[in-house]
Amino acid sequence: MKRSPQDIQASSRLVTRRGLMLGGIQLGVIGGLGMRLRSMQLDHADEYRMLSDGNSIKIRLLPPARGLIHDRHGALIAGNEQNYRVTLTREEAGGDVAQVLRRLSRLIPLSEQRIDELMEEFSKRSAVTPIVLADRLSWEQFGSIAVNAPALPGVTPESGLSRVYPRAGDLAHVLGYVGPVSDYDLSKIEEPDPVLMLPEFQLGKVGVESKLEESLRGKAGARRVEVNSAGREMRELGRQEGQQGATVQLTIDAALQNYAAQRMGEESAAAVVMDVQTGELVAICSSPSFDPNKFVRGISSTDYKALMGHDHRPLADKTVQGVYPPGSTFKMVTLLAGLESGVINGGSRFYCPGHTEVGGRRFHCWRRGGHGMMDAVQSLEQSCDVYYYELSQRVGIDRIAAMARKLGVGVHHDLPMSAVAEGIAPDRAWKKARYDQDWQIGDSLNASIGQGYVLASPLQLAVMTARIASGKVIQPRLIRAIDGVPQVAPEFEDLDINPLNLRQARAGMDAVMNGSRGTASRSRILPDEWRMAGKTGTSQVRNITAAERARGVIRNDQLPWNRRDHALFVCYAPYEAPRYACSVVVEHGGGGSTAAAPIARDIMLFALAGGLPPLDAVPSGERAAMEERHNAMHLYTPTPPQPGRSRA
């Protein structure tokens, strides 16, 4: 069929349009390839040249600065210091790690034994994991390694931060310490933060450092670096700094903590000072202590064995981990149980002949000749045991245990410290569950004076005293602020104890200190505005055996140290407007009135005075000894807080 001229012309125009469209597409593709080629040849020439030379880009994590910890006044108690160290990555060492280590040993001390230890560690770790060869290098050592870097493949000198505790042992049990991440640490974390894999990264092991680890750790940064085929860093291409951990402010007063530590001296003891209104712990000190800086830097086996072998157990935090029979400091619990149950009132009197006989067994009062007729206040003032033997048989152990728990004994207090003990406020159900035995009357008599199964920590005794003094369900607090945001104290509920009954207990504690026959009258505070109420306690560790008596051992102080009684004391002040409550336990110290009460009195005075108390605040017979003690002390003088980074 013959096509018309019009059809031929239309077909020609269609072919032309398709040809132009196809040509345009081809031109676009060629232009795009040209632009990409130009970009590769000009804009990214260095990067591709690096790749052609066997180089590559790697991402290195940057450890964040650990958050700072301050005391209640802003004084630094846990900070960071510059640390120069050197690491080695086996993958980048060129195959002969031992040879690299020996070359390095010409620049820094690196013994053959240390080299062998490092080689064993390299065999256990991934080839891409950097291992710290040495840290805390001098600037000269750090510089010499950097200068000789070309001859040390895989070796990287690094500048970082390491934890430091300026107050050393004063707050060791509260703060705890940090240390390198172990396999055990990683096994406890479901999804470990990649920063934990960094060489010698430090995380909290115990105490506040451990309990607030996630807040204090911060967020890792990163840097992009160019490395050559041998693994040597050629240059840094980019950096994103990490985020410093939170700044934490504790309720602790570092100056008071320091005074408490020095006042307890070499005793195996514990002291807790608590704000009666807010529950803030202004001092919580265990003695003797240890230097946490040694653990951060890697404690020697000699130092560690010395700590473990010490009979005063410096590594144990006696304030919250130690539990002791509270002795006569528990008598306020028994008294309040009797008053609240209606079994007795403030005027109820029992006769003390020096002992009580139950089931053919005699339970002796500490005063063998007896106290005569005793009422509630007198029973505390003179610490008559028989009064509480009689009371316990009337009120029963279940009511006593319930009152103990209401006052904070035998319950767990939630604090960011390690191994906070619950103590024991025993009752019938507890003994049945623990020993599958029935409760006996003799058990009640022992419990009424804080012996037998009853156990309490110094922290719990301070809480008990604060609740009696305030009439509130005071809870202990250790954190004051995080990143400048105050941790506001809650509104504490009323204790649900008749105020008149609490007044009876307080009057008895006042008489202990200020009464004519008070067991701690020698440790009273003279100024009325600081008038102190308290209660002594002595808890028996073991009886003097018949064989020992036959050898002439008749007094507690004639026994070996670790068999002597524990000395305890609790107090609060001022009497009319309570501000602080305090508890002191001196392990194997003997009597509470002679060993624990003077320590508590001095610590309380320091807290009330805001520094060294005036000598005329104590009885004249005590002033020379106090002055001598103070002259021998090296007291901590807080420095003004330094401005630091905060995430707030």
Cross-chain or 6+ apart pairs with Cβ under 7 Å, segment 255-266 first and part of a helix (DSSP H, G or I), then surrounded by fewer than 23 Cβ atoms within 10 Å (Cβ to Cβ) and of a type in the set (S, T, N, Q): Ala261/Ser289
Can Val395 be described as assigned by TED's automatic domain parsing to the domain that holds Ile474, of a type in the set (A, V, I, L, M) and over 30 Å from Ala168 (Cα atoms)? yes
Any chance you could count how many residues in segment 374-400 are without any contact (Cβ under 8 Å) to a residue 40 or more places away in the chain and crowded, with 21+ Cβ neighbours inside 10 Å? 4
What helices (runs of 4 or more DSSP H) lie completely within segment 308-397 and have 2 or more residues being over 19 Å from Met509 (Cα atoms)? 385-395
Every residue in segment 479-511 that is more than 28 Å from Ile252 (Cβ to Cβ) and among the aliphatic types (A, V, I, L, M), please. Ile497, Leu500, Leu502, Ala505, Ala507, Ala511
Test: Phe330 is under 30 Å from Leu171 (Cβ atoms) and either of a type in the set (D, E, K, R) or out of contact with any Ser or Thr (no Cβ under 7 Å at 6 or more places or on another chain) (or both): yes
Scope segment 163-217; condition acidic (Asp, Glu), out of contact with any helix residue (DSSP H, G or I) (no Cβ under 7 Å at 6 or more places or on another chain) and in contact (Cβ under 8 Å) with a residue 60 or more places away in the chain; matching residues: Glu200
Per the filter on segment 405-445, residues closer than 19 Å to Lys318 by Cα and not in a loop (DSSP other than H, G, I, E, B) are Ile424
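For segment 495-527, enumerate the residues that are touching a Phe, Trp or Tyr at 6+ places or on another chain (Cβ under 9 Å) and assigned to a helix (DSSP H, G or I).
Arg506, Met509, Asp510, Met513, Asn514, Ser523
Restricting attention to segment 74-101, and to residues there that are without any contact (Cβ under 8 Å) to a residue 40 or more places away in the chain and in contact with a helix residue (DSSP H, G or I) (Cβ under 7 Å, 6 or more places away or on another chain), which single residue is nearest to Arg167 (Cα to Cα)?
Leu101
The values are calculated or read from the model by the stated rules, or taken from the named source; none is laboratory data. Just so you know, these numbers come straight off a predicted model, no measurement behind them. Note: ideal-geometry Cβ built from the backbone for every residue, glycine included; neighbour counts use all protein chains shown.
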